[in-house]
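Quick notes on the structure that follows.
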Amino acid sequence: MVTRLVAAPKVDFAELRRELDLPTGFPPAAQHEAEVTAAGPLPADPRRVDRTDLPFVTIDPATSRDLDQAVCLQPGDRGGYRVHYAIADVTAFVPVGGPLERETWHRGQTVYLPDGKVPLHPQVLSEGTASLLPDADRLAVLWTIDLDSDGATRAVSVTRATVRSRAKLNYPGVQAAADTGTLPEPIALLPTIGRLLIERGLDRGAINLPIPEQEVEPDNGGYRLVLRGPVAAEEWNAQISLLTGMSAAQIMLAGGIGLLRTMPAPRPEAVASLRVAAAALGVAWPDGAGLGRVLATLDVGTPRGAAFVDRAAELMRGAGYAAFDGTPPADPGHGAVAAPYAHVTAPLRRLADRYATEVCLALHAGGTVPAWARAALPRLPEVMSRTDRVAGTAERGAVDLAEAVLLSARIGEEFDAAVIDVDEGRRDNGRPRGGEIVLDEPPVKARCVGDLPLGERVRVRLTTADPHRRQVAFALAAPA
């Protein structure tokens, strides 16, 4: 599902970059180190295996060149499946203790803005030598995961490898091929394995929020606001990443050292409250069904469905990182995954993945975790939390600014909208009663003042569209 807004002639994101103190380039020493590493021969490692025989492909947005993951799926023993998942071996290109490593700790992760990203690593690495671009030998960390016929994990191995991607695919193309039964051989099993893993997740209580994403895209010298709904191929591919992250977590928990991505499970009283909201919205919640299954059958294109998803999202809070060396965390699970989980599949774009991967490699080989990786673990939760906030603020700020610019000449106009949230009583700060609405067209999500009926369609009037404050607001329109 794609909905486009009328293009804005110009949107200047410079002020947002300044507010967030985003770097404009890499320090000369870090840039030089990256260029030297990229220009040199591929680092040798006697433990690295040659798996250029495997026909890997990557699946990413069409314009991406920082390719972290490549996949190759094969039939396995006894009717099962074998998942080969190659992850960019970033450690091979970032010398320990050097200026580039220090700069990546300052950045923490790649920050995406419509006018260009602020990358974790210099482009010569992230979109060059370290990226799993097609038709070239690349250094990778190769996860091989054997699944039973029902998708249960039977065996896991992880090692350094040399791989070669055969093609750079994108989600619309993969979805179209899946719909016509013409997927290329390396991912012909993706729908089958993806669906099996989704079903296993629902069985254990996993929760996937099918929330359409607002994005700001360049458009003929300006920008457009796009609302993207869930695409099955993207979810199938995400399941491979989740499978790998859960496998990594089990290796680290068994070894007594690591870094987990955690989130508290929804509190029973919060789930009970959501059940009440479901009844009020007319959302079916069969006895014995988990929240994940309810969401999986929901039509988020309806106002009531969108309102229910918005309420459900409030249960998915408190995500963080937990480092341990010895005693594991008291609650090592991730509430949305419904299992212990770790970030290891995006090291080009996320700092924590590089160090968690090194722990897994060492533990799986029966060796000792490198001292530099062990020493990094307790410092990573704070760095990732700080940079998560920066990345989230940048993403939301860019959308807010685009909305304000695109609507700045339309103050006083009326729009059709769906009510997805309402205030619970009058706010303590004296703000008038209201809630949150989503316009039918353009796809703007904003606050609206008035006595709003949750999950219903209403007519609203634009009262504020201020690009300087990046603020848009509406009021419930008077009946005709």
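Is the stretch 184-259 rounded, prolate or oblate when judged by the Cα gyration tensor, a ≥ b ≥ c being the square roots of its eigenvalues, rounded requiring a/c under 1.5 and prolate requiring a/b larger than b/c?
Verdict is prolate for the stretch 184-259.
Label D299 and Q74 with points 7 Å out from Cα along Cα→Cβ: what is the distance between them in nm?
4.5 nm
In whole angstrom, how far apart do the alpha carbon centroids of the stretch 33-68 and the stretch 91-120 sit?
The two parts, judged by their Cα centres, are 17 Å apart.
Starting from the Cα-Cα distance between D148 and Q123, subtract it from 0.36 nm times their residue separation and give me the gain in nm to one decimal.
5.0 nm
What is the calculated FRET efficiency for R431 to D451, with r their C-beta to C-beta distance and R₀ = 22 Å, to the nearest 0.05?
0.95
For the chain, report the accessible area per residue in Å² (1.4 Å probe, heavy atoms, rounded to an integer).
44 Å²
Hey, which lysines would be in cross-link range of K10, C-alpha to C-alpha under 26 Å, not counting anything within fewer than 8 residues on its own chain?
K117, K445
Give the ranking of H468, H106, H121 by solvent-accessible surface, highest area first, calculated with a 1.4 Å probe.
H468, H106, H121
Using a Förster radius of 56 Å, what is the FRET efficiency between D135 and A279 based on their Cβ-Cβ separation? Nearest 0.05, please.
Efficiency, rounded to the nearest 0.05: 0.50.
Determine the calculated [θ] at 222 nm for the chain from helices alone, applying -39500 (n - 2.57) to every DSSP H run no shorter than 4 residues and normalising by the residue count; nearest 500 deg cm²/dmol.
Mean residue ellipticity at 222 nm (helix-derived): -10000 deg cm²/dmol.
Let me check the size of the stretch 152-282 from its C-alpha atoms; what are the radius of gyration and Dmax in Å?
Rg then Dmax for the stretch 152-282, in Å: 19.1, 55.
Leaving out ligands, DNA and RNA, what percent of the accessible area of the chain is carbon and sulfur, probe 1.4 Å?
Result for the chain: 52 percent of the exposed heavy-atom area is carbon or sulfur.
Exposed loop trypsin sites (Lys or Arg not before Pro) only (DSSP loop, at most 11 other Cβ atoms within 10 Å): please give the longest stretch of the chain free of them, not including the sites.
The longest such stretch corresponds to 48-316.
Which whole number of Å³ per residue matches the convex hull of the alpha-carbon atoms in the stretch 315-401?
Given the Cα convex hull of the stretch 315-401, per-residue volume reads 122 Å³.
Let me see the pair-distance distribution of the stretch 59-113: every alpha carbon pair, 5 Å bin width, integer percents in order.
4, 13, 15, 17, 16, 13, 9, 6, 5, 1
Using DSSP to define loop residues, name the chymotrypsin sites (Phe, Trp or Tyr not before Pro) in the stretch 97-171 whose beta-carbon has at most 16 other beta-carbon atoms within 10 Å.
Answer in residue order: Y112.
Given charges of +1 on the Cβ of Lys and Arg and -1 on the Cβ of Asp and Glu, with all other atoms neutral, how large is the dipole of the stretch 209-336 about its Cα centre, in debye to the nearest 20?
In debye, rounded to 20, the stretch 209-336 gives about 280.
With +1 assigned to the C-beta of every Lys and Arg and -1 to the C-beta of every Asp and Glu, and no other charges, what is the dipole magnitude of the chain about the Cα centre in debye, to the nearest 20?
Computed about the Cα centre, the dipole is about 480 debye.
Among G221, P453, A322, pick out the residue whose Cα is farthest towards the positive end of the charge dipole of the chain, where Lys and Arg carry +1 and Asp and Glu carry -1 on C-beta, about the Cα centre.
About the Cα centre, the residue reaching furthest to the positive side is A322.
With θ taken as phi - 60° and the coefficients 6.51, -1.76 and 1.60, list the Karplus ³J(HN,Hα) couplings across the stretch 58-69 in order, rounded to whole Hz; mark glycine and proline as x.
Taking θ as phi minus 60°, the curve returns 10, 10, 8, x, 4, 8, 6, 10, 8, 9, 7, 10 Hz for the stretch 58-69.
The values are calculated or read from the model by the stated rules, or taken from the named source; none is laboratory data. The structure displayed is predicted, hence computed values, not measured ones. Note: ideal-geometry Cβ built from the backbone for every residue, glycine included; neighbour counts use all protein chains shown. With ligands, DNA and RNA removed, areas are computed over all heavy atoms of the protein, side chains included. Shrake-Rupley method; radii C 1.70, N 1.55, O 1.52, S 1.80 Å.
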